[in-house]
1. Taking ASP373, is it acidic (Asp, Glu) and touching a helix residue (DSSP H, G or I) at 6+ places or on another chain (Cβ under 8 Å)?
2. Have a look at LEU435, LEU513, LEU456 and point out the one that is touching a strand residue (DSSP E or B) at 6+ places or on another chain (Cβ under 8 Å), on the phi < 0 side of the Ramachandran plot and at pLDDT 95 or above.
3. Tally time: how many residues in the range 219-248 are buried (at least 19 other Cβ atoms within 10 Å of the Cβ) and hydrophobic (A, V, I, L, M, F, W, C)?
4. Can you name the residue in the range 424-448 that is polar (S, T, N, Q) and in a loop (DSSP other than H, G, I, E, B) and, of all such residues, is nearest to MET552 (Cα to Cα)?
5. Hey, among the residues in the range 258-300 that are acidic (Asp, Glu) and in a loop (DSSP other than H, G, I, E, B), which one's nearest to VAL490 (Cα to Cα)?
6. In the range 449-540, which helices (runs of 4 or more DSSP H) lie fully inside it and hold 3 or more residues that are more than 24 Å from CYS174 (Cα to Cα)?
7. Of all residues in the range 536-547 being surrounded by 18 or more Cβ atoms within 10 Å (Cβ to Cβ) and touching a Leu at 6+ places or on another chain (Cβ under 8 Å), which is farthest from TYR209 (Cα to Cα)?
8. Does the range 371-383 contain any residue that is aliphatic (A, V, I, L, M) and under 26 Å from the mean Cα position of the chain (by Cα)?
Amino acid sequence: MRDLYSVRLYVSICVAVLLLFGAFAFAQPLEIRSPDNNLVITLSCDAQAQGSVAPFWSVTWKGRAIILPSRLGLTLKDGTELGAGMRVSESSTQAHDTTWKPVYGEQSQIRDRYNALDVILKDEHAPGRRLEVIFRAYDEGAAVCYTMPKQEGLDTFTIGKELTQFRFSANHICYPTYMAQSMYETVRLSQVKHECERPLTVAIDDHTYAAVAEARLVDYARMRLQPAAGMQWTLEPDLGSDVQAKAPFATPWRVVMVGESPGGLLEHSYLFLNLNDPCAIDDTSWIKPGKIIREMTISTDGAKACVDFAVERGLQYIEFDTGWYGKEEDPKSDARKPWSSRLDMPEVVRYATEHNIGVWLYVNYAFLKPHFDELLPLYKQWGIRGIKFGFVGVGTQECTAWLHEAVRKAAEQHFMVDVHDEYRPTGYSRTYPNLLAQEGVRGNENMPTAEQNLMLPFTRYLCGAADYTICWYTDRIKTTHAHQLAASVVYYSPLQFLFWYDRPTDYRGELELAFFKAVPTVWDETRVLQGEIGRFIAVARRSGEEWYIGVMNAEKRRSISVPLKFLRPGQPYLADIYADGAPSGENPTAVACLTPRVVRAEGTLQADCAQNGGQAIRLVPVSG
């Protein structure tokens with residue numbers, strides 16, 4: 001009897017051990033590494049405080065914890081929580097490595113290299129319920145999105161909340177703003193408030209920076225960030241509305257960029273493009289980036305003067321901004337005709353076309369949305385090249401879907417687009433490159449301080465082009481003129497507005513404006529040479545064989561080192577340097593056009609910048 005009891009006990013122990021081992025094996029975390037092995041994404045299904053199992057993800061980079069185990073999942077409007085009670089039922093991995101050529105950009109070729117982990121989660125209590133989670137591990141960062149496969153009883157559904165979290169390991173310094181056109185702050189993670197804009201840059205340590213962001217926002221509610229209730233140093237999505245969906249359905253990507261420096265993040269801004277679909281436009285020959293000036297007199301004569309100025313100063317476009325069809329907020333204003341008899345639009349377009357200058361029109365959302373389908377053929381008949389959307393709705397799924405549908409419709413009629421006010425990009429310009437630019441930035445319409453200007457490259461510009469509206473003659477500028485020259489290199493925008501508050505009659509033949517005439521708006525290569533958030537930056541960009549360098553400075557006078565090792569070895573370059581004319585800063589409008597000098601890759605330039613100053617440099621290969 002005793003032997004039989006011993007046998008039964010032994011068998012019971014073995015079964016328990018096997019069950020425990022099986023459960024342990026089943027719950028083993030899944031891991032995917034970036035191609036360079038520095039970044040690791042880990043997925044685990046762990047017990048929550050309530051006792052139910054849920055998926056968690058974490059991210060490390062070069063052995064440093066970026067995101068500690070953080071919740072994943074979605075909550076439907078009916079209360080169903082997709083994630084809780086779910087375990088991994090299937091998983092697969094994929095290696096991807098391609099190179100593609102954008103229509104335009106900050107570099108002429110972009111490498112899209114990542115390792116992916118695709119996981120199917122199944123509900124242990126409702127086996128028919130599934131949620132697919134896709135992870136991508138790039139050298140430049142981590143990305144995760146959800147896909148709702150077709151499944152019985154869930155053809156259509158409403159997402160009420162997203163459970164994705166970003167839990168940091170300490171109370172790091174970060175740089176939030178709470179509207180797309182507001183000022184940036186320098187605070188700790190514990191001080192971040194609701195409706196924090198993305199990207200949010202976080203300083204992990206002196207050699208590790210991260211940015212939480214969103215990519216491929218097309219038909220979904222915009223994500224802002226908010227503190228997760230009851231969890232320290234943890235952020236989660238704050239969606240702009242509920243999301244109506246039909247399976248199969250994919251959410252936008254949630255992105256965590258990484259870099260050894262804030263400038264390293266900026267160099268990797270192409271990550272947003274890689275997370276979007278390839279170009280959907282077969283013939284892109286009509287999409288022409290360029291420089292543009294605003295026409296402010298709303299008259300035929302004034303517009304022709306703008307065209308003449310554009311030709312002389314190397315600009316490609318003029319734009320009629322708010323007011324050309326009346327007060328934009330007045331429901332009686334009609335963007336199908338100019339309000340003033342002083343403006344003969346056909347004659348202006350004829351004159352501009354004759355001089356190879358394109359015309360853009362601004363239209364406020366209040367008129368644009370209800371009349372968009374009518375405006376497109378009308379503006380095409382007029383010969384308009386681009387449309388600037390004003391005060392578009394943002395945040396809700398409805399607003400998001402309408403805007404991107406409008407961009408697609410504009411592409412069908414060969415219109416380029418510039419979206420102003422609160423819209424921020426998430427990489428859609430890869431799919432529809434007729435979306436040249438957007439605002440979503442506190443630019444020179446608000447005349448920010450130099451310190452705010454030096455926040456922008458490491459925060460807002462991570463996600464794409466911004467329409468900063470560079471100025472020259474107006475006395476409202478809070479920086480030196482050399483700082484404004486440098487901004488045309490540092491601030492990327494395929495449609496670069498120059499002379500925003502200025503008029504052609506202000507021009508006095510200033511020699512330094514040769515830089516604005518020469519500088520391109522799109523690039524073959526980009527390097528961030530130096531930079532500290534809110535203090536200074538040095539950016540080098542190549543167009544063909546020429547290089548342009550923009551150095552921007554804030555706070556105090558600085559001498560910023562500009563190493564030239566990015567130049568072609570053995571090739572001499574002639575450097576045209578435009579520096580602060582009064583290094584002490586007492587005369588901010590003075591620009592010194594320094595004597596051209598020959599430089600090589602082995603050398604270094606010292607940019608002596610005034611307080612709130614800068615320096616702009618053009619490097620041209622010396623032949624022979």
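The values are calculated or read from the model by the stated rules, or taken from the named source; none is laboratory data. If you're wondering where the values come from, they're calculated on a predicted model, not measured in any experiment. Here the Cβ is made from the backbone with ideal geometry for all residues, glycine too, and neighbour counts use every protein chain on show.
1. Numbers: acidic (Asp, Glu): yes; touching a helix residue (DSSP H, G or I) at 6+ places or on another chain (Cβ under 8 Å): yes.
Considered against the rule, which asks whether it is acidic (Asp, Glu) and touching a helix residue (DSSP H, G or I) at 6+ places or on another chain (Cβ under 8 Å), ASP373 comes out as yes.
2. Working: LEU513 fails: touching a strand residue (DSSP E or B) at 6+ places or on another chain (Cβ under 8 Å); LEU456 fails: touching a strand residue (DSSP E or B) at 6+ places or on another chain (Cβ under 8 Å).
Unique residue meeting the criteria: LEU435.
3. Looking only at that region, the number is 8.
4. Filtering the range 424-448 down to residues polar (S, T, N, Q) leaves 426, 429, 431, 434, 438, 444, 446.
Filter once more, keeping what is in a loop (DSSP other than H, G, I, E, B): 426, 429, 431, 434, 444, 446.
Numbers: THR426: 26, SER429: 27, THR431: 32, ASN434: 30, ASN444: 15, ASN446: 18 Å.
Ranking the qualifying residues of the range 424-448, first place goes to ASN444.
5. Our first condition is that a residue be acidic (Asp, Glu); within the range 258-300, this holds for 260, 267, 277, 282-283, 295.
From what is left, the residues that are in a loop (DSSP other than H, G, I, E, B) are 260, 277, 282-283.
On the way: GLU260: 19, ASP277: 27, ASP282: 31, ASP283: 30 Å.
Of everything passing the filter in the range 258-300, GLU260 is nearest to VAL490 (Cα to Cα).
6. Numbers: elements: 450-453, 481-490, 514-518.
In the range 449-540, 481-490, 514-518 are the helices (runs of 4 or more DSSP H) which contain 3 or more residues that are more than 24 Å from CYS174 (Cα to Cα).
7. To start, the set of residues in the range 536-547 that are surrounded by 18 or more Cβ atoms within 10 Å (Cβ to Cβ) comprises 536-542, 547.
Right, trim to touching a Leu at 6+ places or on another chain (Cβ under 8 Å) and you get 536-540, 547.
Working: PHE536: 17, ILE537: 16, ALA538: 18, VAL539: 18, ALA540: 21, TRP547: 27 Å.
Looking at residues that are surrounded by 18 or more Cβ atoms within 10 Å (Cβ to Cβ) and touching a Leu at 6+ places or on another chain (Cβ under 8 Å), I get TRP547.
8. Initially, the range 371-383 is screened for residues aliphatic (A, V, I, L, M), giving 375-376, 378.
Add one more test, that the residue is under 26 Å from the mean Cα position of the chain (by Cα), and what stays is none.
So far as the range 371-383 goes, no, none of its residues is aliphatic (A, V, I, L, M) and under 26 Å from the mean Cα position of the chain (by Cα).
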